[in-house]
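Everything on this sheet refers to the single structure shown next.
The values are calculated or read from the model by the stated rules, or taken from the named source; none is laboratory data. None of the values given here were measured: they were computed from a predicted structure. Calculation scope for accessible area: heavy atoms of the full protein, side chains included, ligands and nucleic acids excluded. Shrake-Rupley method; radii C 1.70, N 1.55, O 1.52, S 1.80 Å.
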Amino acid sequence: MSRKQSDHDYNLRGMSNLMGERWRKVNDGGERSLIKAPSSASISSLPVASSSSGAPAAPAAPSTSTGDLERAARKQFQQDVTPAFVYILSAFSALGGFLFGYDSGVISGAMLLLKRQLELSALWQEVLISSTVAAAALAALLGAFLNGLFGRRVCILLASFFCAVGGIVMSAAPGKEVLLTGRILVGVGLGIASMTVPVYIAEASPPHLRGQLVTVNTLFITGGQFAASIVDGAFSYLQHDGWRYMLGLSVAPAVLQFVGFLFLPESPRWLIQRGLTQKARRVLSQIRGNQNIDEEYDGIKNSIEEEEKDGGGGESEGRGKR
């Protein structure tokens, strides 16, 4: 073969590869397919039936291919179409994180005015600042028990109620003792919310958005701290009773969350754990919109049964060792 002919063959192969790349780009840039097309290797591995004349017939498709395609298409549809109700639910839940960031950060600016107006000693300053964090830590220890007993929705309502009452008490406090009571009430609400809000968002979110929506709570915590610094700067010029506005403004998001959760549903997972299966299906349908919930409902129920089975097996093994 001459050098000229080999160069000609090389150019033909290069043009063929280039046309193949352009064809793949055109296909990728068009409408996205719900189901991944089978490869040539998988097609060639299918059994081939022979006709009576000896010619090979079309490959026989497996009996379960239709069901697999339907499940894959439904899963892709659920990932592409997420009801707006899920985002509303996550936003109202994450107000608990906003309250945590606000109430833990606003005291730094309010204390500059408090120590002059109420003539606070160094000990009282430390007590007022740390009381909220200490109460939140103790309330968080009871969070798991309260979540299992009353449910996620009731716990968030309880947390927002404590935060709202604590904010009112702080803004109207005539002295340092009443102010300390308000700080403790707010801390109890923050502790319950910190244990409940991430669990509620995770259990109400669709699987493909669960990680993103849970991090919204962390975003709201930092947003609350930023809002606290702005409020501190805005009311710092009020030398008399400026701290009342700083501490009392936390009532607004607490009341908003309380009113919102009067209309929001309970976690479907907690309802299934309590045996309220019909109500759990209604709640799951409400959260997911018009999507098919059978597969997700069965997955939640199976995971709960496996957890209960593992927990019961561990207890029985422990009793046997004793």
Heavy-atom accessible area order for I272, I168, largest first, 1.4 Å probe: I168, I272
For segment 178-193, Karplus couplings with θ = phi - 60° (6.51, -1.76, 1.60), whole Hz, Gly/Pro x: 5, 4, 5, 4, x, 5, 5, 4, 5, x, 4, x, 5, x, 5, 5
Most to least accessible of Y87, Y237, Y102 (protein chains only, probe 1.4 Å): Y237, Y87, Y102
³J(HN,Hα) computed for each position of segment 234-244 - Karplus, 6.51 cos²θ - 1.76 cosθ + 1.60, integer Hz, glycine/proline x: 6, 9, 6, 6, 7, 5, 10, 6, x, 5, 5
Three-way shape call for segment 134-191 based on the alpha-carbon gyration tensor, with the a/c threshold at 1.5: oblate
Average Cα contact separation per residue, segment 95-184, under 8 Å, 6 or more apart, as relative contact order %: 32
Relative contact order of segment 227-287, pairs being alpha-carbon contacts under 8 Å that are 6 or more residues apart, as %: 19
In Hz, Karplus ³J(HN,Hα) per residue of segment 107-122 (6.51, -1.76, 1.60; θ = phi - 60°; x = Gly, Pro): 5, 5, x, 5, 5, 5, 8, 5, 5, 7, 6, 9, 6, 7, 7, 4
